[in-house]
1. Report the residue, chosen from N145, N64, N81, that carries the largest GNM mean-square fluctuation when the chain is represented by alpha-carbon nodes joined by springs under 10 Å.
2. Pick out, in residue order, every one of the GluC sites (Glu not before Pro) in region 103-162 that is DSSP loop and has at most 14 other C-beta atoms within 10 Å; say none if there are none.
3. Counting only helical runs of four or more DSSP H residues, what would the 222 nm mean residue ellipticity of the chain come to if each run contributes -39,500 (n - 2.57) and the total is spread over all its residues?
4. Please list the non-local residues whose amide H lies under 5 Å from the amide H of G137, H modeled 1.01 Å from N, same-chain partners needing a gap of 5 or more.
5. Determine the dipole magnitude for the chain: charges of +1 sit on the beta-carbon of Lys and Arg, -1 on that of Asp and Glu, nothing else is charged, the reference point is the Cα centre, and the result goes in debye to the nearest 20.
6. Please list, short to long, the whole-number percent of alpha-carbon pairs of region 4-154 in consecutive 10 angstrom bins beginning at zero.
7. So how many Lys-Lys pairs in region 4-154 land under 26 Å Cα to Cα, not counting same-chain pairs under 8 apart?
Amino acid sequence: MQELLEEDLEFFQKELGLKGVYQIFSYWNSPSYPGFMGKRQGVAIFAEGIVDSGAVFYTGKEENILKSFDEYISNESFQENRALVCVDVSDSSGNIFRFVSVQLPVTSKGESTPYQLEVIDLLTRELNKLGEFILCGDMNAPRGNESFTRLARNYRLYIFFS
């Protein structure tokens with residue numbers, strides 16, 4: 001799950017009846033949804049059979065989201081945080097599967113930007129350390145653009161829409 005507000009984590013765990021692994025990476029800063037402004041958001045995975053989990057900031061720093069919202073929005077470098085969450089899940093036969101959840105930067109009209117490409121390269125470096133995995137997330141990288149091409153170069157991509 002991406003763009004999950006910190007305050008909603010317990011609700012989803014209870015409603016789903018699943019353990020959740022969560023990493024905050026930014027404050028909500030979109031005037032389109034004023035009720036969410038200043039709330040912390042992140043990425044999560046909810047699953048049964050979690051045997052190991054972790055989170056990594058592949059750009060930015062965790063300290064940036066510990067700042068007040070006003071301080072956070074006052075400095076663009078504080079807003080360049082991206083994190084992934086990773087869980088190893090055991091099925092009923094004892095097989096282990098690794099899942100990773102991320103959210104890449106959104107861009108105007110789905111265009112690739114230098115910043116988005118830099119983030120994809122940093123993400124790829126972290127993912128290369130994880131062995132085999134199933135990558136889930138909001139990639140904000142439509143087919144045909146450079147962002148999608150960079151991801152497809154490294155991974156077999158299956159696109160699902162919900």
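1. Looking only at N145, N64, N81, the biggest GNM fluctuation is shown by N145.
2. Counting only loop positions with at most 14 other Cβ atoms within 10 Å, the GluC sites (Glu not before Pro) in region 103-162 are E111, E132.
3. -6500 deg cm²/dmol
4. V102
5. 460
6. 11, 36, 36, 16, 1, 0
7. 8
Any read-out appearing in this document is the output of simple, stated calculations on the displayed coordinates, not a laboratory observation. Bear in mind the structure is a predicted one, so any value in this text is a computation, not a measurement. Quick reminder, even Gly has a Cβ in these numbers, built from the backbone with ideal geometry, and neighbours come from all protein chains shown.
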